[in-house]
Amino acid sequence: MSITLHIHATRETANKKVAREIAELIRAKPHAVLGLATGSTPIGVYEELVRLHHQEGLSFRQVCTFNLDEYQGIDLSHPESYWNFMHRHLFDHIDIPAANIHIPGTRVPSLELADYCKRYEELITVHGGIDYQILGIGRTGHIGFNEPGSPPDCRTRRILLDQLTREDAAPAFGDLDHVPTHAITMGCGTIMEARHIALLAFGTAKAAIVRKALRGPVSSQISASYLQNHEHTSFHLDHESASLL
Ligand code: F6R
């Protein structure tokens with residue numbers, strides 16, 4: 001098993017390629033299950049999917065989605081909540097029914113966490129599992145919010161965010177003190193069960209971690225390195241993020 005590597009001339013080419021794969025999947029299987037990521041990286045893919053919806057009639061009416069993660073301790077309406085992000089960049093512009101969208105809540109009470117996370121996993125299973133998972137990668141090597149130390153078989157759970165992850169999020173939240181300390185994330189085991197995975201990474205800031213994920217040993221210190229053991233994973237890079245390979 002090895003990761004399929006695509007080094008694209010531009011981010012736009014990468015975005016179009018991933019969006020086209022998703023469109024082909026949906027046309028072949030209208031009730032496809034998508035695993036979705038937030039952050040700056042997948043925005044271009046969502047823009048392209050919106051374009052395909054408006055200009056080429058791609059319908060999401062039967063598609064079901066599961067987001068990777070969500071911050072804890074902020075309101076859903078907070079501009080940086082992933083609920084808000086997904087509606088702003090994708091869901092408000094396509095024909096997916098609200099009932100088909102799954103994103104972990106932002107204020108899951110501690111006492112309900114275990115049942116809540118178990119239920120999230122069960123819902124993925126009930127819908128037949130994730131057909132196509134979009135991933136970004138954090139500078140800690142996280143996929144979802146599986147920070148260093150996450151075991152390969154971990155499942156959906158609450159996690160303490162790494163200091164580097166919080167620092168990277170600080171500009172969006174105004175300052176570090178406003179960045180949530182915790183999130184709910186799908187686990188590495190959950191992600192690895194997706195039938196196809198596309199990880200996107202752009203820019204020089206991602207070059208070092210992309211190299212470790214692709215070329216380094218498979219290690220719990222770099223969750224993305226687990227993808228080396230997945231049967232259908234592609235990395236979509238630009239020249240900058242691929243510059244240390
Ligand atoms: C987001 C997620 C994270 C991001 C990663 C990269 O749902 O799960 O793993 O993909 O932090 O973020 P950006 O794209 O902002 O560099």
> Name the pairs: first residue in region 41-68 and within 19 Å of Tyr82 (Cα to Cα) and in contact (Cβ under 8 Å) with a residue 60 or more places away in the chain, second residue assigned to a loop (DSSP other than H, G, I, E, B) and open to solvent by 40 Å² or more (accessible area, probe 1.4 Å), Cβ to Cβ under 7 Å, at least 6 apart or on different chains?
Replying inline: Cys64/His31; Cys64/His127
>> Checking the conditions here, which among Ile159, Ile137 is within 21 Å of Arg107 (Cβ to Cβ) and under 16 Å from the mean Cα position of the chain (by Cα)?
In response: Ile159
> Among Ile124, Ile103, Ile137, which is the only one that is within 16 Å of the ligand (Cβ to nearest atom), in contact with an Asp or Glu (Cβ under 7 Å, 6 or more places away or on another chain) and not hydroxyl-bearing (Ser, Thr, Tyr)?
Replying inline: Ile103
> Which condition does Tyr120 not pass, out of (1) more than 22 Å from Leu200 (Cβ to Cβ); (2) touching a Pro at 6+ places or on another chain (Cβ under 7 Å); (3) assigned to a loop (DSSP other than H, G, I, E, B), if it passes all the others?
Replying inline: (3)
> Name the pairs: first residue in region 76-90 and over 15 Å from Phe66 (Cα atoms) and more than 12 Å from the ligand (Cβ to nearest atom), second residue open to solvent by 30 Å² or more (accessible area, probe 1.4 Å) and assigned to a helix (DSSP H, G or I), Cβ to Cβ under 6 Å, at least 6 apart or on different chains?
Replying inline: Leu76/Trp83
> Wholly within region 1-104, which helices (runs of 4 or more DSSP H) include no fewer than the required count, namely at least 1 residues that are touching a helix residue (DSSP H, G or I) at 6+ places or on another chain (Cβ under 7 Å), aliphatic (A, V, I, L, M) and surrounded by 14 or more Cβ atoms within 10 Å (Cβ to Cβ)?
Replying inline: 11-28, 43-56
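The values are calculated or read from the model by the stated rules, or taken from the named source; none is laboratory data. As the structure is a computational prediction, the values presented were derived from the model and not from experiment. Using ideal geometry, Cβ is built from the backbone for each residue, glycine included, and neighbour counts are taken over all protein chains shown. Surface accessibility is based on the protein's heavy atoms, side chains included, excluding ligands, DNA and RNA. Shrake-Rupley method; radii C 1.70, N 1.55, O 1.52, S 1.80 Å.
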